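Peer 1: I am attaching a structure below and will ask some questions about it afterwards.
The values are calculated or read from the model by the stated rules, or taken from the named source; none is laboratory data. If you're wondering where the values come from, they're calculated on a predicted model, not measured in any experiment. All Cβ positions, even for glycine, are placed from backbone atoms using ideal geometry, and neighbour counts span all protein chains on display.
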Amino acid sequence: MADELEELYQTTYTAVVRFLYRKVWDADRAEDLAQEVFLRAFAHRPEKPRSWVFAVAANLARDEARSAIRRRKHLTLMASEPAVLPSAPRAADQAVEDDERHAQVQAALAQLTPRDREVLLLWDAGLSYPEIADQTGLALGAIGTTLARARKRLVAAHDRQFDSVDDAAHS
Amino acid sequence: MRHIPEDELHAYLDQALSRGQCVEIETHLAACPACAAERDAIAALRDRTTLLLTTLAPPRRIPPSFAELAAQAAGRRAQRRERLRVALWAASLVGALGIGYAWRGSESAGPGPQPAARDGGAGDARIAASPAPAAATGTISRPVAPVPVTPVTAPSRTTPHRGGASLALVPPAPVMARTAMSEFGSDTLPLEPQPVAEGVWRTVTWDNAQRETGVTPPRLDGLPVVQVQVQPSRGNSGPLMVVAQQLHSGEVIRTIEGPVADVSKLFTRRGTSPVETAEDTVAVAALPEHDRLLAIQGQLPPDSLRALMRRMRLGRRLH
């Protein structure tokens with residue numbers, strides 16, 4: 001069982017971090033949560049470990065989102081206080097471009113419905129159709145349809161944003 | 001000719017179909033340019049999606065080693081076990097205290113002049129050392145000759161008394177010549193069960209304790225007994241006994257056996273029980289005999305006390 005867990009860890013850890021990052025948008029937090037996922041896997045020894053780790057990751061990300069909302073409310077209450085950390089200056093144009101591209105895709109992803117987004121992210125994390133169906137509660141036959149819709153919407157949303165930025169630059 | 005639905009082409013490209021389905025689709029694609037074009041468009045969409053999602057990747061870092069994570073998991077398991085152990089210990093103690101409290105409540109709600117009986121018991125204890133104890137108490141129907149008691153040297157107690165602690169071993173009660181238990185079962189009429197003053201203990205020899213109570217006091221085999229204290233049975237609940245024994249390391253531990261209510265009181269009442277206030281810990285176990293508890297108390301780690309408890313229970317079974 002320990003060998004299975006080790007193999008799972010070696011093959012899945014990065015995908016779990018990426019999956020979590022796309023939900024919490026904080027690389028450090030995503031790593032913390034990913035480690036928490038695998039620590040729980042040690043304790044629970046799940047039967048279907050691959051599906052299990054992504055299910056737990058999704059739950060942890062959901063909890064994290066709730067607490068982030070609470071934190072934001074708290075920060076709103078403290079808005080009159082001066083910011084402690086000044087934003088770091090950007091060193092290179094490349095970094096700015098990367099950030100812009102990141103923001104555009106993030107915004108495009110945010111336009112998907114929660115179900116489409118979840119299915120797309122699970123597929124990108126490497127889960128099979130049956131595993132995605134198992135985790136999301138969708139019928140196996142609905143996964144292809146959902147993925148087709150999610151892909152089209154993501155690309156369309158991204159292209160709309162790109163076009164609007166392009167128009168703004170030329171006007 | 002039936003064209004291939006879009007979702008099936010997605011599933012085909014995602015390798016989510018069976019081998020038979022794939023063969024069927026590939027056969028159709030070879031003969032249908034429209035579906036082949038659709039497949040190419042979906043493949044491009046799929047690649048584009050993957051590319052976009054690649055943008056949303058966290059900075060690459062070296063993940064912690066599996067061994068590191070396994071060690072963390074082991075530490076967490078140990079913590080969980082420790083928390084569970086403490087919770088179980090606390091629950092057992094609270095349970096015992098609760099039973100004792102309920103018992104006490106039921107006793108005080110029952111018939112009979114309980115406070116008067118206690119007063120009588122105290123008077124009895126005070127007068128027991130005088131030449132005519134029975135006449136003074138008014139609760140014993142006939143004079144009883146004092147039983148000679150072999151003095152037992154109590155171990156010197158160096159632990160400072162801490163008011164805030166919950167456990168307490170009172171200094172041993174003065175040696176008293178209280179009597180009546182030895183008379184049970186004799187050819188005379190048995191005495192009525194005597195109300196025992198709370199906190200009044202008789203220090204007796206091992207043999208006398210066995211003879212008077214009719215049971216073997218609790219003890220750990222192989223350790224010298226330095227003190228035996230008893231409170232006789234009240235009703236059918238059996239006697240309350242505390243046996244002090246010295247470990248090879250010099251520490252004194254006390255094994256306590258008695259009715260649930262009485263053992264519970266030892267741990268709740270300070271200053272009147274043989275259980276001392278100190279950094280002591282207690283291991284408690286229920287006995288197969290109904291409504292009786294067995295406890296070990298001493299300045300030892302909880303694990304050691306539990307091991308001693310296991311040893312003592314095993315010894316009792318073997319006996």
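Peer 1: Between a residue in segment B:54-72 that is facing another protein chain (nearest Cβ under 7 Å) and loosely packed, with under 11 Cβ neighbours inside 10 Å and any residue that is part of a helix (DSSP H, G or I) and not acidic (D, E), which pairs come within a Cβ distance under 6 Å, given they are 6 or more apart or on different chains?
Peer 2: B:P59/A:A27
Peer 1: Sort through B:L29, B:L13, B:L88 and tell me the only one that's under 39 Å from the mean Cα position of the chain (by Cα) and on the phi < 0 side of the Ramachandran plot. Give the derivation first.
Peer 2: Details: B:L29 fails: under 39 Å from the mean Cα position of the chain (by Cα); B:L13 fails: under 39 Å from the mean Cα position of the chain (by Cα).
From the options B:L29, B:L13, B:L88, the qualifying one is B:L88.
Peer 1: Give the residues of segment B:73-89 that are at the interface with chain A (Cβ under 9 Å from one of its Cβ atoms) and aliphatic (A, V, I, L, M), sorted by residue number. Give the steps one after another, and end with the answer.
Peer 2: If we filter segment B:73-89 for residues that are at the interface with chain A (Cβ under 9 Å from one of its Cβ atoms), which is where we start, we get B:73-74, B:76-77, B:80.
Across segment B:73-89, the qualifying residues are B:A73, B:A74.
Peer 1: Just checking, which of A:F38, A:F42 is facing chain B (nearest Cβ under 8 Å), farther than 24 Å from A:V119 by Cα, assigned to a helix (DSSP H, G or I) and more than 15 Å from the chain's Cα centre (by Cα)? Step through it out loud before you land on a result.
Peer 2: On the way: A:F38 fails: farther than 24 Å from A:V119 by Cα.
Just one listed residue meets the conditions, A:F42.
Peer 1: Does A:A55 qualify as being part of a helix (DSSP H, G or I) and within 9 Å of chain B (Cβ to nearest Cβ)?
Peer 2: Answer is no for this residue.
Peer 1: Also: Are any residues in segment B:21-37 among the hydrophobic types (A, V, I, L, M, F, W, C) and within 13 Å of B:H3 (Cβ to Cβ), and if so, which ones? Reasoning before the result, please.
Peer 2: Taking segment B:21-37 as the starting set, the residues that turn out to be among the hydrophobic types (A, V, I, L, M, F, W, C) are B:22-23, B:25, B:29-32, B:34-37.
If the condition is that a residue be among the hydrophobic types (A, V, I, L, M, F, W, C) and within 13 Å of B:H3 (Cβ to Cβ), then B:I25, B:L29, B:A31, B:C32, B:A34, B:C35, B:A36, B:A37 are the ones that fit.
Peer 1: Sticking with this one: For A:S128, all conditions in the list (1) modelled with pLDDT of 90 or more; (2) more than 20 Å from A:T12 (Cβ to Cβ); (3) at the interface with chain B (Cβ under 9 Å from one of its Cβ atoms) hold save one; what is the number of the exception?
Peer 2: Failed condition: (2).
Peer 1: Tell me, please, whether a residue that is out of contact with any Asp or Glu (no Cβ under 8 Å at 6 or more places or on another chain), basic (K, R) and closer than 28 Å to A:P49 by Cβ can be found in segment A:109-119. Steps first, answer last, please.
Peer 2: Kept after step one, since they are out of contact with any Asp or Glu (no Cβ under 8 Å at 6 or more places or on another chain), are these residues of segment A:109-119: A:109-119.
Right, trim to basic (K, R) and you get A:115, A:117.
Next, from what is left, pick out any that are closer than 28 Å to A:P49 by Cβ: A:115, A:117.
Within segment A:109-119 (the criterion being out of contact with any Asp or Glu (no Cβ under 8 Å at 6 or more places or on another chain), basic (K, R) and closer than 28 Å to A:P49 by Cβ), the answer is yes, since at least one residue qualifies.
Peer 1: If A:L20 passes every condition in (1) at pLDDT below 90; (2) within 11 Å of chain B (Cβ to nearest Cβ) but one, which one does it miss?
Peer 2: That leaves (1) as the condition not met.
Peer 1: Somewhere in segment B:4-25, is a residue within 11 Å of chain A (Cβ to nearest Cβ), surrounded by 12 or more Cβ atoms within 10 Å (Cβ to Cβ), polar (S, T, N, Q) and out of contact with any Cys (no Cβ under 9 Å at 6 or more places or on another chain)?
Peer 2: There is no residue in segment B:4-25 that is within 11 Å of chain A (Cβ to nearest Cβ), surrounded by 12 or more Cβ atoms within 10 Å (Cβ to Cβ), polar (S, T, N, Q) and out of contact with any Cys (no Cβ under 9 Å at 6 or more places or on another chain).
Peer 1: Of everything in segment B:52-68, what is assigned to a helix (DSSP H, G or I) and within 18 Å of A:L20 (Cα to Cα)? Give them in sequence order.
Peer 2: Within segment B:52-68, B:L52, B:L53, B:T54, B:T55 qualify.
Peer 1: Let me ask something else. If only one of B:A41, B:A37 is surrounded by fewer than 16 Cβ atoms within 10 Å (Cβ to Cβ) and either under 14 Å from A:R151 (Cα atoms) or at the interface with chain A (Cβ under 9 Å from one of its Cβ atoms) (or both), which one is it? Spell out how you get there, then give the answer.
Peer 2: Numbers: B:A37 fails: either under 14 Å from A:R151 (Cα atoms) or at the interface with chain A (Cβ under 9 Å from one of its Cβ atoms) (or both).
Just a single option satisfies the conditions, and that option is B:A41.
Peer 1: If B:G123 meets every condition in (1) within 11 Å of chain A (Cβ to nearest Cβ); (2) at pLDDT below 80 apart from one, which number is that one?
Peer 2: It is condition (1) that B:G123 fails.
To keep it simple, each residue is scored yes or no on (1) under 29 Å from B:G98 (Cβ atoms); (2) small (G, A, S); (3) modelled with pLDDT under 75.
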| residue | (1), (2), (3) |
| --- | --- |
| B:P174 | no, no, yes |
| B:P195 | yes, no, yes |
| B:V242 | yes, no, no |
| B:G271 | yes, yes, yes |
